[in-house]
Amino acid sequence: MAPLSPDSRRTSSHRTSLLAAASTLGMRELRLFLPLCALAWLSLQQLADAASIRSRGDVRIEYATSEGVFSAGTIKMTQVTLTQGEGTVIKADEGYVSNVEGDFDNAQWQLTGKVHVEFEGAVVDADTAVVTFAAGRPTAVRVRGTPARFSHLAKMDNIRRQGRAPAIDFDSSTGWVRFSGGTSFSQVGKDIEITGEELNYNVNTTDYNDGKSPTPDRIVIPRDAARVPPPRTPDRSTSQ
Amino acid sequence: MKKAMAGLLLAAAIGGGIWYALKHRGGEANAPSTAQDDAASYDFEAQDVQVTQMGPDGHIRYQLQAKRIAQSLESGQVRAEDLTIYHDPPGTQPGGPNRWTVTARGADLPPEAEQITLAGDIRVSGVPRGRKIPVVFQTEQLTYDLARQEIANSSEFLLDWGSSTITGKGFKVNFNTTDWAVESEGHGTFVP
């Protein structure tokens, strides 16, 4: 027999306590108590169902057309959108993946044309991207653009930071985002802008450096005339 | 008056009984003649059939098993019921792991045509060459080009491949090359 999930165990213990309560009541109280029990049971069932849905990390794919070769494990899709949970959305005009067999784990999606990625609270718009899936989730996102645009709303300080660069690489295991090829980085609402050949930013800690100096303050320079174009806002219609 | 009415009723009952007996006396004899009429509309009919089609190179192109197969006398069209078709792509072991299997409730094979039209509970399964996990298609309508070994449909389908499920409208698969395509309305889910 499969072990009970935490949700089903919680539901089970609630049922037991409701029965214990019912045994101490008279007939009049029971008439009120039973409908309340039914309501409580229904709400617990819904809670358990919702929890089981949330706990699934299924990746959903929408596409217009697709083609491939089974033997080679290749798939090409047009107007592709991949979503996982509520936070991860990957959209592009075209998506290509190879060496897949039955699942897309440990697969690299190569995306081209109007690439839009929402991932770990960050939003990236680019011309091309390579998204690596491992252990059932995207673990690395490499985008290229002219320039590619990045935006991140940090949970710890509720400040949106945004940047642009020809190349943006995101490693979800460390949280570091690397901007390279000539970058511009700024904080919304703060009168600073960082420019340079390279910049690293951590989405978990909001630390940043130029790849040479570990002290972030040393690379902060006054905002210049050029403003960073804001990236597209998160696409809520696809992220729901 | 009452006696006359009773006499009339009795005569009617007897007359009705005689008519009923005469009418149903030949009823059982009529049934075989209807079956003969049905059988006469077929050029041939066979049950629990197995057909093995060889190619010009002497290799088996496909094998077909059907619960019933019949050819229409008028159109020459062959109708198969509860059929299973097997195809081993070139270079693979006959009956081996890369064999493709197509099952359906019914199929029509026009005369002098290499294209079968299948309908009802269609299931296509096989392990693509170089892969280990079987691909399974399910749909309700399908055409099967036996010469090109290509299946195509224009309606909704469900594709299961390992933990992935893909649905869409209109797919095409070539059993020999394992090329595939989906025309529209694609959705997919994979469980990591």
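Could you tell me what percent of the accessible area of the stretch A:63-188 is made up of carbon and sulfur, with a 1.4 Å probe and every protein chain present? Each step should come with its number before you reach the end.
Numbers: 2270 of 4780 Å².
The computed percentage sits at 48.
Under 11 Å from the Cβ of B:Ala152, count the other residues' Cβ atoms, weight Lys and Arg +1, Asp and Glu -1, and hand me the total. Show your work: numbers first, answer last.
Values: positive: B:Arg148, B:Lys172; negative: B:Asp145, B:Glu150, B:Glu183.
Around B:Ala152, the surrounding residues sum to -1.
Looking at the square roots a ≥ b ≥ c of the eigenvalues of the Cα gyration tensor of the stretch B:89-192, which shape do they give, rounded for a/c under 1.5, prolate if a/b is larger than b/c, or oblate? Taking the square roots of the gyration eigenvalues as a ≥ b ≥ c, the stretch B:89-192 is oblate. Per-residue shielding of A:99-107, expressed as the average number of other chain Cβ atoms within 10 Å of the residue Cβ, stands at 5. Surface calculation, 1.4 Å probe, protein heavy atoms: A:Asp127 sits at approximately 70 Å² accessible.
Could you sort A:Glu94, B:Glu140, B:Glu112 by their accessible area in this structure, using a 1.4 Å probe and putting the largest first?
On the way: A:Glu94 70, B:Glu140 105, B:Glu112 195 Å².
Result, largest first: B:Glu112, B:Glu140, A:Glu94.
Taken residue by residue and averaged, Cβ atoms of other chains lying within 10 Å of the Cβ of A:67-80 number 5.
Heavy-atom accessible surface of A:Val188, to the nearest 10 Å², is about 80 Å², with a 1.4 Å probe and all protein chains retained. In this structure, A:Thr128 and B:Glu81 have a Cβ-Cβ separation that, at R0 = 41 Å, corresponds to a calculated FRET efficiency of about 0.20.
Taken one residue at a time, the phi angles of the stretch B:161-170 give Karplus couplings (6.51, -1.76, 1.60, θ = phi - 60°) of 9, x, 7, 9, 10, 10, 10, x, 10, x Hz. Gly and Pro are set to x.
Treating each Cα of the stretch A:128-220 as an identical point scatterer and summing with the Debye formula, the log10 of I(q)/I(0) at q = 0.20, 0.21 Å⁻¹ comes to -0.97, -1.06.
Three semi-axes describe the equivalent ellipsoid of the stretch A:130-171; taken as square roots of 5 times the Cα gyration tensor eigenvalues and ordered largest first, they are 20, 17, 5 Å.
The convex hull around the C-alpha trace of the stretch B:99-159, projected and averaged over every direction, spans 4.4 square nanometres.
Within the assembled protein chains, the solvent-accessible surface assigned to B:Ser41 is about 60 Å², based on a 1.4 Å probe.
When B:Leu118, B:Leu109 are compared by accessible area of protein heavy atoms, the largest-first order is B:Leu109, B:Leu118, using a 1.4 Å probe. Summed over both chains, the accessible area lost when B and A associate is about 2500 Å², using a 1.4 Å probe. Taking all protein chains together, A:Thr174, A:Thr206 sort by accessible area into A:Thr174, A:Thr206, largest first [probe 1.4 Å].
How much net charge surrounds B:Gln141 when only other residues with a Cβ under 12 Å from its Cβ are counted (Lys, Arg +1; Asp, Glu -1)? Display every interim value, and only then the final one.
On the way: positive: B:Arg105, B:Lys169; negative: B:Asp108, B:Asp121, B:Glu140, B:Glu156.
Once positives and negatives cancel, what remains is -2.
Dipole size of the stretch A:62-124 about its Cα centre, with +1 on Lys/Arg Cβ and -1 on Asp/Glu Cβ: approximately 220 debye, rounded to the nearest 20.
The values are calculated or read from the model by the stated rules, or taken from the named source; none is laboratory data. These figures come from a predicted structure and were not determined experimentally. Virtual Cβ from ideal backbone geometry, glycine too; neighbours counted across all protein chains shown. Quick note on the areas: whole protein, heavy atoms, side chains included, nothing else; ligands and nucleic acids left out. Shrake-Rupley method; radii C 1.70, N 1.55, O 1.52, S 1.80 Å.
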